[in-house]
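Student: Below are the structure tokens for one structure; questions will follow.
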């Protein structure tokens, strides 16, 4: 990106970057100034500024403020379950050399440069607490009451994994957000997939060949369940759910058709035999059942949790690998195959209704009340001709009315870059953003063929919901642009230029007392 | 009958605590076994010593299934050995809670003591026994002599004896062991303190029996009977020569102990006498028994012993209170050759058959009248069992026994099971896909269960209707048993982490638990 400083002048109100500007009139910045993966919270929308190594809070009224992280660079921002605050994985550099002349990282010998990691709790744009966390940890799980956060390494998401010295890959960190000392607990190799019992009393953590239950009061390991007999064997938990009463954890493992049933009350293990490795499973508390679908089987299974017996399998035309749960209904789809089928399954009567969408599913979600399943459809190489071929070649949007059992597929002009579902009164709307198109499409899902178009200031890149019901729409705008939309009035408020915050600031070594090693 | 009706001795209890036959079920032994005729040296590595046919032209009667993995029950638990996983599984009854305990390598036999306080495994892979506290599952391993494959517990649960039983040997047993190997040894282990007493008893031990009070153990080998005083501080064998010809002795195959513990009766293949040993004086005597006795069984009430003299076609019935009294002799019809007898639980009937002749017939012996009726079968007999009430016989037929089977028969070259109503001898033969391996029955005698080699089925047989029901299991069953004081049958199945299914035959509900081996690793 090339930025002419005269253009910046309008945006950089309140800043004095000129002392740091390069001698020529031009500076080159290769990386984006802001991360469009914004995080919405009650008090605003938090945005990472990778170049400036800053975090900024953007407010729905269009204003913005930097968040003081004491010189630390935000690497990942996650909202708390109640969205009242955000937690920020942040890192900062220190230099072991106490030389007073060392002010920037480049002044410090590489051998003396140390990366420090911490987790910062931010509320109302202000850092509230700072917790030391191992640098490699990059993910959080929350107890349902938001009282405890568990930090761990999500290797799958780990492009920014920082290894500094010794790393314990078996470790997770329990962080009591209401006060108290974080506590590291050794779980097992590659801990992931953390569940919490409904009483908020225990965390159930999967790791390679083991499942560990940890008390959320003492952070002590209560019980460890082995998944293999022989230490030379390895099984990797793939998916896990808790039964509604919190007594059992059901754990599937990679490449296996066996479903481990861990009794959390009276520690024992049982294994349910499925006919293939499950690709997705979801618990219905109302029906006391688990719905299980398979990538490799053309059927859906329902595990009755009162007896832990599989009901009579229900045949499908195509395998499904995704399940959503509406009231009394499971919605089945396949997000990876070329199938055009989606299904609704009545969990009470086992009645299955097949719907056909015109292109393969890319993404599927349910409206908040569960009446509609709305999916984005990806193009495919069609075998037909004419209009059918045209439809195949384009992105699409499908709307399935689960109550009326009707489905409709729409053709989209370009790839959808954002989809949000909102309910107002009796109506349910889909807000759709398309790549390269400066409009927001608002579809009444009861009549989705007649969208309302709202003009946007720039091509959008994504949409997210704020806790107050408004939406934040990010745009292709190098210096930062978010449009806040009130769906009740369709009023929009832009917030622009926030990515220029700290743009010209040179990286210095923070928290460095004069003449002392930090 | 050549002799007057049998003399009965009241108040005697069968002492065959270790007897395997399902028609001799006592309150502990619920798992089924069947009578395959008398023991023989078939499968042993050495000459049977008794001649090829015992002089009657027929091969020895076959005994080919020892069910070493038969589960062992207590009043509250059932213990199942898992040789592939070096564990024993304890199933609580009636909760069906399952937990495992690690034992030695390859547990091969499991037994429980009469007081239900201990379970004991003989571990073939590690040459030891594991004494398990039934409640706490605490274990204690006791080394025994090497290369054994059998274990017998005394009726009072005070002792176990381990030895090499050539008749029960499989390929693992027969594989050459490194170093010296003896075929004369027995290890006695006192369970109270784990004391081990190895001893030499005679070549090729055949059977080990105990007196009812557990004070004496006897080991019959080819040519000797070893009598061990188990009350001694250091038990040692008193070896008695039972074969007059030590150069080529007739092979001793079976031993019975009289209910009062005074005498041991020993049957030798190809002999025409039974050896009677006075266990008090240790005097060895002989009584006549017809030609080539091939089976010797006690009647269910323990008062009599029946020897099948196959060579002379007779049944010799002895009064066990006085083995020297003149026996009753029942002639077998001249057209038939029977080598084995299986008594009904009430002692009123005996089923006569042969596994050696390849003839598709069996005889029913009415003990009261002495009459023997002949009945035809779809195939020759391989093994035979009787339901606990004595109403139904289960006759198993081998796929390879087809000498007198029509090639058009649906049973030709197939395994089969014939259910016989012993009231009218009506038969319902069933063709089976594989060889049955284990059967068991409910204590009330209504139902039988069996499993087959490599087949994922649990077969349920209604002894009243002679109908069967097939239950599909999740994997191949290894052994089955009826839980104490219930009609629920369990089937332990192949699964590396352990699998048990419980079938309630009344409701048809099948409950399966898998992976319980992991429970012992829960911390």
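Student: In the range B:507-519, is there at least one residue being within 14 Å of another protein chain (Cβ to nearest Cβ), surrounded by fewer than 21 Cβ atoms within 10 Å (Cβ to Cβ), modelled with pLDDT of 90 or more and not in a strand (DSSP E or B)?
Tutor: For the range B:507-519, residues within 14 Å of another protein chain (Cβ to nearest Cβ), surrounded by fewer than 21 Cβ atoms within 10 Å (Cβ to Cβ), modelled with pLDDT of 90 or more and not in a strand (DSSP E or B): present.
Student: Taking residue A:221 as the residue in question, decide whether it is crowded, with 20+ Cβ neighbours inside 10 Å and either over 29 Å from residue B:499 (Cα atoms) or within 11 Å of chain B (Cβ to nearest Cβ) (or both).
Tutor: Details: crowded, with 20+ Cβ neighbours inside 10 Å: no; either over 29 Å from residue B:499 (Cα atoms) or within 11 Å of chain B (Cβ to nearest Cβ) (or both): yes.
It is false that residue A:221 is crowded, with 20+ Cβ neighbours inside 10 Å and either over 29 Å from residue B:499 (Cα atoms) or within 11 Å of chain B (Cβ to nearest Cβ) (or both).
Student: Residue A:482: in contact with a helix residue (DSSP H, G or I) (Cβ under 8 Å, 6 or more places away or on another chain), under 24 Å from residue A:499 (Cα atoms) and part of a strand (DSSP E or B), yes or no? If you could, list the steps in order and put the result at the bottom.
Tutor: On the way: in contact with a helix residue (DSSP H, G or I) (Cβ under 8 Å, 6 or more places away or on another chain): yes; under 24 Å from residue A:499 (Cα atoms): yes; part of a strand (DSSP E or B): yes.
Criteria met by residue A:482.
Conditions tested, residue by residue: (1) more than 13 Å from chain B (Cβ to nearest Cβ); (2) within 29 Å of residue A:148 (Cα to Cα); (3) without any contact (Cβ under 8 Å) to a residue 40 or more places away in the chain.
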| position | (1), (2), (3) |
| --- | --- |
| A:207 | yes, yes, yes |
| A:210 | no, yes, yes |
| A:241 | yes, yes, no |
| A:292 | yes, no, yes |
| A:295 | yes, no, no |
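Student: For the range B:118-126, state whether one or more residues are surrounded by 19 or more Cβ atoms within 10 Å (Cβ to Cβ), modelled with pLDDT under 90 and within 22 Å of the chain's Cα centre (by Cα). Explain how you work it out, then say what you get.
Tutor: Here is the first cut: in the range B:118-126, the residues surrounded by 19 or more Cβ atoms within 10 Å (Cβ to Cβ) are B:118-124.
This time we only want the ones that are modelled with pLDDT under 90, so: none.
Looking for residues that are surrounded by 19 or more Cβ atoms within 10 Å (Cβ to Cβ), modelled with pLDDT under 90 and within 22 Å of the chain's Cα centre (by Cα), one finds none in the range B:118-126, hence no.
Student: Follow-up question, since we're still on this one. What's the number of the only condition in (1) crowded, with 18+ Cβ neighbours inside 10 Å; (2) within 30 Å of residue A:227 (Cα to Cα); (3) over 20 Å from the mean Cα position of the chain (by Cα) that residue A:151 fails to meet?
Tutor: For residue A:151, the failing item is (3).
Student: Which residue is surrounded by the most Cβ atoms within 10 Å (Cβ to Cβ), if the candidates are limited to the range A:292-336 and must be more than 15 Å from residue A:350 (Cβ to Cβ) and out of contact with any strand residue (DSSP E or B) (no Cβ under 7 Å at 6 or more places or on another chain)?
Tutor: A:297
Student: Let me ask something additional. Please find, within the range B:479-489, the residue that is farthest from the other protein chains (Cβ to nearest Cβ) out of those that are assigned to a strand (DSSP E or B) and closer than 19 Å to residue B:468 by Cβ. Even if it seems obvious, please write down each step before you answer.
Tutor: Looking only at the range B:479-489, we keep the residues that are assigned to a strand (DSSP E or B), and these are B:479-482, B:489.
So of that shortlist, the ones also closer than 19 Å to residue B:468 by Cβ come out as B:480-482, B:489.
Values: B:480: 19, B:481: 20, B:482: 22, B:489: 19 Å.
Filtering first and then ranking leaves B:482.
Student: Where the second residue is surrounded by 18 or more Cβ atoms within 10 Å (Cβ to Cβ) and in a strand (DSSP E or B) and the first is at positive phi and lies in the range A:73-92, which pairs have Cβ atoms under 8 Å and are six or more apart or on separate chains?
Tutor: Going by the 8 Å Cβ cut-off, the qualifying pairs are A:83/A:40; A:83/A:41.
Student: Another question about this same structure. Inside the range B:84-100, can you point out the residues that are more than 14 Å from chain A (Cβ to nearest Cβ) and surrounded by fewer than 22 Cβ atoms within 10 Å (Cβ to Cβ)? Steps first, answer last, please.
Tutor: Keep residues of the range B:84-100 that are more than 14 Å from chain A (Cβ to nearest Cβ), which gives B:88, B:93-94.
B:93, B:94, listed by residue number.
Student: If you don't mind, another one. Output the residues belonging to the range B:490-501 that are more than 11 Å from residue B:98 (Cβ to Cβ), within 14 Å of chain A (Cβ to nearest Cβ) and in contact with a strand residue (DSSP E or B) (Cβ under 8 Å, 6 or more places away or on another chain). Show your work before the answer.
Tutor: Step one: list which residues in the range B:490-501 are more than 11 Å from residue B:98 (Cβ to Cβ), which gives B:491, B:493-497, B:501.
Then drop every residue that is not within 14 Å of chain A (Cβ to nearest Cβ), which leaves B:493-497, B:501.
Across the range B:490-501, the qualifying residues are B:493, B:494, B:495, B:497, B:501.
Student: Of the residues B:169, B:212, which is modelled with pLDDT under 95, under 20 Å from residue B:111 (Cα atoms) and crowded, with 20+ Cβ neighbours inside 10 Å? So that I can check it myself, show each step before the final result.
Tutor: Working: B:169 fails: crowded, with 20+ Cβ neighbours inside 10 Å.
Sole residue among the options that is modelled with pLDDT under 95, under 20 Å from residue B:111 (Cα atoms) and crowded, with 20+ Cβ neighbours inside 10 Å: B:212.
Student: Which residues, taken from the range B:249-261, are within 17 Å of residue B:226 (Cα to Cα), in a loop (DSSP other than H, G, I, E, B) and under 23 Å from the mean Cα position of the chain (by Cα)?
Tutor: Taking the range B:249-261 and keeping what is within 17 Å of residue B:226 (Cα to Cα), we get B:249-258, B:261.
Filter again for in a loop (DSSP other than H, G, I, E, B), leaving B:249-251, B:258, B:261.
B:250, B:251, B:258, B:261, listed by residue number.
Student: Within the group A:94, A:106, which residue is out of contact with any strand residue (DSSP E or B) (no Cβ under 6 Å at 6 or more places or on another chain) and farther than 30 Å from residue A:147 by Cβ?
Tutor: Among A:94, A:106, only A:106 is out of contact with any strand residue (DSSP E or B) (no Cβ under 6 Å at 6 or more places or on another chain) and farther than 30 Å from residue A:147 by Cβ.
Student: From A:433, A:410, grab the single residue that is part of a strand (DSSP E or B) and either under 25 Å from the mean Cα position of the chain (by Cα) or at pLDDT 95 or above (or both).
Tutor: Numbers: A:410 fails: either under 25 Å from the mean Cα position of the chain (by Cα) or at pLDDT 95 or above (or both).
From the options A:433, A:410, the qualifying one is A:433.
Student: Give me a count of the residues in the range A:328-339 that are closer than 17 Å to residue A:399 by Cα and over 23 Å from the mean Cα position of the chain (by Cα).
Tutor: Initially, the range A:328-339 is screened for residues closer than 17 Å to residue A:399 by Cα, giving A:329-335, A:339.
Now drop any that are not over 23 Å from the mean Cα position of the chain (by Cα), which leaves A:329, A:339.
Number satisfying all stated conditions: 2.
Student: Now a separate question. Evaluate the following for residue B:504: is it within 14 Å of chain A (Cβ to nearest Cβ), without any contact (Cβ under 8 Å) to a residue 60 or more places away in the chain and touching a strand residue (DSSP E or B) at 6+ places or on another chain (Cβ under 9 Å)?
Tutor: Working: within 14 Å of chain A (Cβ to nearest Cβ): yes; without any contact (Cβ under 8 Å) to a residue 60 or more places away in the chain: yes; touching a strand residue (DSSP E or B) at 6+ places or on another chain (Cβ under 9 Å): yes.
So residue B:504 passes the test.
Student: Here's a follow-up. So which residues in the range A:261-281 are touching a residue at least 24 places away in the same chain (Cβ under 8 Å) and at the interface with chain B (Cβ under 7 Å from one of its Cβ atoms), if there are any at all?
Tutor: A:267, A:269, A:270
Student: Moving to a separate point now. Consider residue A:193 against the criteria (1) under 14 Å from residue A:134 (Cα atoms); (2) at pLDDT 80 or above; (3) under 21 Å from the mean Cα position of the chain (by Cα): it satisfies all of them except one. Which criterion is unmet?
Tutor: Tallying (1) under 14 Å from residue A:134 (Cα atoms); (2) at pLDDT 80 or above; (3) under 21 Å from the mean Cα position of the chain (by Cα), residue A:193 fails exactly one: (1).
Student: Among the listed residues A:458, A:477, identify the single one that is surrounded by 19 or more Cβ atoms within 10 Å (Cβ to Cβ), assigned to a loop (DSSP other than H, G, I, E, B) and free of Cβ contacts under 8 Å to residues at least 40 places away in the same chain.
Tutor: Details: A:458 fails: surrounded by 19 or more Cβ atoms within 10 Å (Cβ to Cβ).
Just a single option satisfies the conditions, and that option is A:477.
Student: Let me ask you something else. Inside the range B:266-285, can you point out the residues that are surrounded by fewer than 23 Cβ atoms within 10 Å (Cβ to Cβ) and in a strand (DSSP E or B)?
Tutor: B:273, B:276, B:278, B:284, B:285
Student: Let me ask something additional. Quick one: count up the residues across the range B:363-377 that are crowded, with 18+ Cβ neighbours inside 10 Å, part of a strand (DSSP E or B) and within 25 Å of the chain's Cα centre (by Cα).
Tutor: 3
Student: Could you please let me know if residue B:113 is within 14 Å of another protein chain (Cβ to nearest Cβ), buried (at least 22 other Cβ atoms within 10 Å of the Cβ) and under 23 Å from the mean Cα position of the chain (by Cα)?
Tutor: Numbers: within 14 Å of another protein chain (Cβ to nearest Cβ): no; buried (at least 22 other Cβ atoms within 10 Å of the Cβ): yes; under 23 Å from the mean Cα position of the chain (by Cα): yes.
So residue B:113 fails the test.
Student: Kindly check whether there is at least one residue in the range A:250-273 that is over 25 Å from residue A:223 (Cα atoms), out of contact with any helix residue (DSSP H, G or I) (no Cβ under 7 Å at 6 or more places or on another chain) and crowded, with 21+ Cβ neighbours inside 10 Å.
Tutor: no
The values are calculated or read from the model by the stated rules, or taken from the named source; none is laboratory data. For clarity, every value in this text was computed on a predicted model and none was experimentally measured. A quick note on method: Cβ atoms are made from the backbone with ideal geometry, for glycine too, and the neighbour counts reach across all protein chains shown.
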